[in-house]
Amino acid sequence: MDNTREAYVSGAFYPDDYEKLKNDIKSYLDITTPDLTYKKLIGAIVPHAGYIYSGRTAAYAYSIIKNSKKRDFLIIGPNHSGYPSYPAIYPDGYWNTPMGYAKVNSELSSKILLKSNIIRDDKEAHMIEHSIEVQIPFLQYIFNNNFTFSPMVLGNQSQAMSRNIAETIETLEEKPILLISSDLNHYNGYNRNNELDNIIIRDIEELHVGKYYEDIKKYGISACGYGAIAVLMMVTRQMKGKIALLNHSNSGDYGTDRDRVVGYASMIAYK
């Protein structure tokens, strides 16, 4: 199919075999989720590591998202290379995974580009970035490919940049579900990593963006998508919503290395 982004981390971060991938996602979703009453789903925070490490935690958010009647998503994640520094949106076409072709919401991408003076149309920025790609098979599975998405990666994740993006989203008459792709702290010992994760999780739940950025600097918080998380915090606060933790883990829970772990959280924004 023309105008298609081919999978970059299939076979590495998640299985490249359809049946294996489908069965893995099905097994991750076989969980009991917290009882959450809400009127409107605003968005979620999900990790983006290899599925064997973070898939179970991600499933907590997806187990709630699967009940959504709205199936249009703005997926925001970090650009791990840091280049380009501007927020880059993928404008149109399809993303291909072993689960099939996922359609980019060109209308939503166009609206965002028209309303923003900093977000740019840039497909190349997405070609070797995994933070958004690893979310697509989950959406394909729970919605049987009946959804659309606009992907955006961030290089510069400053508070000012996040505010600009949040204000752009707030101007949309019909808001998509915001799916934020980010791991939490990186490469500390098991207990220390959990301590740092708890600091940032508390800030996120309190929707205190200023303190959130202060703590990132104060404690050396290494959440890779911190600016993307801030966007969801700002939009949720503007909508008078809440963000709640569904599940927290780290790579040491699923592997043998507990000296250098990565933290994962599944959180839901709602009102």
- Residues of region 18-51 being of a type in the set (Gly, Ala, Ser), without any contact (Cβ under 8 Å) to a residue 12 or more places away in the chain and within 27 Å of residue 204 (Cβ to Cβ), in sequence order, are none
- Message: Looking for something of a type in the set (Gly, Ala, Ser) and within 30 Å of residue 106 (Cβ to Cβ) - is there at least one such residue anywhere in region 31-45?
- Response: yes
- Residue by residue through region 235-257, note down the ones that are among the polar types (S, T, N, Q) and either free of Cβ contacts under 8 Å to residues at least 40 places away in the same chain or touching an Asp or Glu at 6+ places or on another chain (Cβ under 6 Å) (or both). 238, 256
- Item | Subset of region 109-126 [of a type in the set (Ser, Thr, Tyr) and either touching a Pro at 6+ places or on another chain (Cβ under 7 Å) or in a helix (DSSP H, G or I) (or both)] | 109, 110
- Query: Among (1) closer than 28 Å to residue 185 by Cβ; (2) touching a Leu at 6+ places or on another chain (Cβ under 7 Å); (3) acidic (Asp, Glu), which single condition is residue 72 missing?
  - Reply: (1)
- Task: Could you please find all residues in region 52-109 being out of contact with any strand residue (DSSP E or B) (no Cβ under 6 Å at 6 or more places or on another chain) and of a type in the set (Asp, Glu)?
- Result: 107
- Message: Please go through region 250-271 and give me each residue that is of a type in the set (Val, Ile, Thr), under 15 Å from residue 185 (Cβ atoms) and out of contact with any strand residue (DSSP E or B) (no Cβ under 9 Å at 6 or more places or on another chain), ordered by number.
- Response: none
- Message: So residue 92 ticks every box in (1) out of contact with any Leu (no Cβ under 9 Å at 6 or more places or on another chain); (2) buried (at least 21 other Cβ atoms within 10 Å of the Cβ) but one. Which box is left unticked?
- Response: (2)
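Coordinate-derived values only; no laboratory data. All figures in this text were calculated on a predicted structure; none of them were measured in a lab. Positions of Cβ are backbone-derived with ideal geometry, glycine not excepted, and every protein chain shown enters the neighbour counts.
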